[in-house]
Structure formats: structure tokens, C-alpha cells
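What follows is a single structure, written as C-alpha cells, with notes after it.
The values are calculated or read from the model by the stated rules, or taken from the named source; none is laboratory data. Predicted model, so just to flag it, every value in this text is computed and none were measured. With ideal geometry, Cβ positions are generated from the backbone for all residues, glycine too; neighbour counts draw on all protein chains shown.
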Amino acid sequence: MDENNRSIAKRQIARLLGNSSLPICVISEEDMLVFANEALGRLVGQTPESILGLRCSSPISEDGDPMAE
């Protein structure tokens, strides 16, 4: 897929997720928040743009055990 088509696909996905009434976010492999929709912004009481770049950590360990520390 060329860069132009990839960019179009990313915009279409962002539009679909952004319009969802469910809170949705995308976290990068580096555990950074790279996308948040309006519903998530309302949930946390901030604009989606203001929370982008936050570091996030998963409660589930890399081996998939939610109780592991």
C-alpha cells in the first residue's frame, strides 16, 4: 500500500473511531496515547487533543496474566 492510500485509510479509521459513542483510544508500542476520541475525552473530562502523548501502562503483563506483577 503506498503512502497516500495509507494516509487515506488512517483518516477513515480515525473518522470512524472518532464518531463512536464508546470511549476509544489507541496506544503505541511505546505505551503512548496516540489517539483518543471525543467520548474518551468526555469520560476523563479533557479534550482528546490534551491527553495525546500521555504514557499509559497496561494492567496485563506481557505474558497475558492480568494478576502478574
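Could you grab me the full set of residues in the range 1-49 that are in contact with a Pro (Cβ under 7 Å, 6 or more places away or on another chain) and among the aliphatic types (A, V, I, L, M)?
Listed by number, the residues that qualify are 36, 39, 40, 43.
Do we have residue 33 as surrounded by fewer than 10 Cβ atoms within 10 Å (Cβ to Cβ), at pLDDT 90 or above and touching a helix residue (DSSP H, G or I) at 6+ places or on another chain (Cβ under 9 Å) here?
no
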